[in-house]
1. Would you mind listing the helices (runs of 4 or more DSSP H) fully within the stretch 208-304 where at least 1 residues are touching a strand residue (DSSP E or B) at 6+ places or on another chain (Cβ under 8 Å)?
2. So in the stretch 106-126, with the set limited to residues that are surrounded by fewer than 24 Cβ atoms within 10 Å (Cβ to Cβ) and touching a Pro at 6+ places or on another chain (Cβ under 7 Å), which one is nearest to Leu21 (Cα to Cα)?
3. Within the stretch 409-420, which residues are touching a strand residue (DSSP E or B) at 6+ places or on another chain (Cβ under 6 Å) and open to solvent by 30 Å² or more (accessible area, probe 1.4 Å)?
4. What pairs come out if I take residues in the stretch 138-164 that are closer than 13 Å to Val117 by Cα and pair them with residues that are of a type in the set (Asp, Glu) and at pLDDT below 95 whose C-beta lies under 6 Å away, six or more apart or interchain?
5. Give just the number: which of (1) open to solvent by less than 10 Å² (accessible area, probe 1.4 Å); (2) of a type in the set (A, V, I, L, M); (3) under 19 Å from Gly102 (Cβ atoms); (4) part of a helix (DSSP H, G or I) does Ala178 not satisfy?
6. For the stretch 460-496, how many residues are open to solvent by less than 40 Å² (accessible area, probe 1.4 Å) and not hydrophobic (A, V, I, L, M, F, W, C)?
7. Give just the number: which of (1) more than 15 Å from Leu230 (Cβ to Cβ); (2) open to solvent by 20 Å² or more (accessible area, probe 1.4 Å) does Ala505 not satisfy?
Amino acid sequence: MADPRKTGMMSDAANEDGVVLDGASLIPEAVAAVAREGAEVAIADEAREAVRTARERVADVVESDEAVYGVNTGFGELVDERIPREAVAQLQTNLLRSHSAGSGEPLPTEAVRAMLVARVNALLEGYSGVREVVVDHLAALLNEGIHPVVPRTGSLGASGDLAPLAHATLVLIGEGEAEVGGERLDGEAALARAGLEPLTLGAKEGLALINGTQLTVGLGALLVVDTERLVRAADVAGALTTEVTLSSTVPSHPAIQAVRPHDGQADSAANLRRLTADSEIVDSHRNCDRVQDAYSTRCLPQVHGAVRDAVAHLRDAVEVELNSATDNPLVFRRDSIAGRTDAGPTDAARASGTDRAAVLSGGNFHGEVLALRLDYLTSALTELAAIAERRVDRMLNPNTQESHLPPFLTTDAGVRSGYMIAQYTAAALVNECRATGRPSTDNTPVSGNQEDHVSMSATAAWSARETADRVARVLGVELCCGAQAAEFVDDDLAPGRGSGAAYEAVRERVPPLEGDRPLADEMAAAADLVRSGDLETRVNAALDEPLT
């Protein structure tokens, strides 16, 4: 697998010094820069101070010898088992070992890197109580290209993404496996490549490393970046279809959007206007006798806009979660929570007796806030695929398409099938999108029923990721068909600036269909045009203002 640190250019989210982590300002674009572009991470000085202070509080708790979950007790159903002081360090090591129980194929490198950068940033909040050396070792994994091998399946999204994070951080103690420069090594050998010694974990550190939502939010951050690009690509594909089917652009008029002022709808309508600006094709039928177009083109702003709003809803949660403390328990300065908690006798008994530290157990590891929005995104993306497939049908179907387009976009129809079966593939992809479950609605109690409600947030993230990939492939089919339909539009009529640039971008990868040929590789190339962002780059270069 290629080292992501050696591919591509750094995004705007990463400056020359890489991404500076401070526990408060991490955004999805920076996660993508680290995960995909190999941006290095640095730790802000003020965040280091917060880590040191929190560690001092944990030391106070250990010295107090009071029973505190995660420090000197068992976990889950074993919460009432008291751990003697001499076994506290072994408890943390055992935790990483026992929780490394994932299954299935390894996570992609970008997912592992996204999880690691999110974990580092969460620890920098200063409420987890790990030593500074733990944070530095995690940062070194990213900067030295040491990528733990993490089985994909095993997280329930409460108590966070336990199994994936355990596999990822097992490498810190010289165990597990990691991929370094395309070679799979045991944990100790992987650390040695970076000149690092395995860590001996201290009190609470094992739990702090694995208790949190960092796989879910890491995947969520990448999804935000990908799906924002995806919906812009859908606007491009839809604009090209609108043009070649001689559909009207009136439904994108600002006045229509102003009286139903949803942000996403307004943005997609504005994109359609930008993409078809200066189109002689649109002008040629402005006064035709067609009263209204089919919903798949007429309602493009409304449907695409609703998907945009779903993506925005996810972004809101991801940006908060990336900069949150999500493990359990959390370590506070006692006077900072005075008057801010209604802790009863049980909570008070689990707080340190010193003036400096209070350890509170809670549920910030529960991924519901992400799981619900990820499932919402899956549903929204399914609709994006569905409307795109309907636009494909408008271009191919001789019973619905316009008279200037031949059946299935091929001459000598009957002898030739043209793009007929491409629509089958689009329909199959839409069916797969619709068949994808909504994991957040499921629940399986675990840990002796102590953890009796879980979020399935990591599964929701993976489902949304797979759905996004299918949508890109459906849009690839639409772009291929839109470019082919353009071959049957009057050559004397110039397309819009944006739609014309989209046509040219497709034609660089997919030649006109002059006779039947295998289409699979060409549809894949068009889908890659969407995923990579190359389509958007080409279109933006032709516009006065970039797509929103």
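1. On the way: elements: 214-244, 254-258, 263-275, 280-284, 295-298.
In the stretch 208-304, the matching helices (runs of 4 or more DSSP H) lie at 214-244.
2. Glu110
3. none
4. Close Cβ pairs (under 6 Å, with a partner that is of a type in the set (Asp, Glu) and at pLDDT below 95) amount to Gly145/Asp3.
5. (4)
6. So the answer is 8.
7. Status for Ala505: all satisfied but (2).
Conditions (1) open to solvent by less than 30 Å² (accessible area, probe 1.4 Å); (2) basic (Lys, Arg); (3) in contact (Cβ under 8 Å) with a residue 40 or more places away in the chain, marked per residue:
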| site | (1), (2), (3) |
| --- | --- |
| Ser248 | no, no, yes |
| Val259 | no, no, no |
| Arg274 | no, yes, yes |
| Glu280 | no, no, yes |
| Arg286 | no, yes, no |
| Leu300 | yes, no, yes |
| Val303 | no, no, yes |
| Ala310 | yes, no, yes |
| Val318 | yes, no, yes |
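The values are calculated or read from the model by the stated rules, or taken from the named source; none is laboratory data. These numbers were taken from a predicted model, which means no experiment stands behind them. Cβ sites come from the backbone with ideal geometry, for glycine too, and all protein chains shown count toward neighbours. SASA here: full protein model, heavy atoms, side chains in, ligands and nucleic acids out. Shrake-Rupley method; radii C 1.70, N 1.55, O 1.52, S 1.80 Å.
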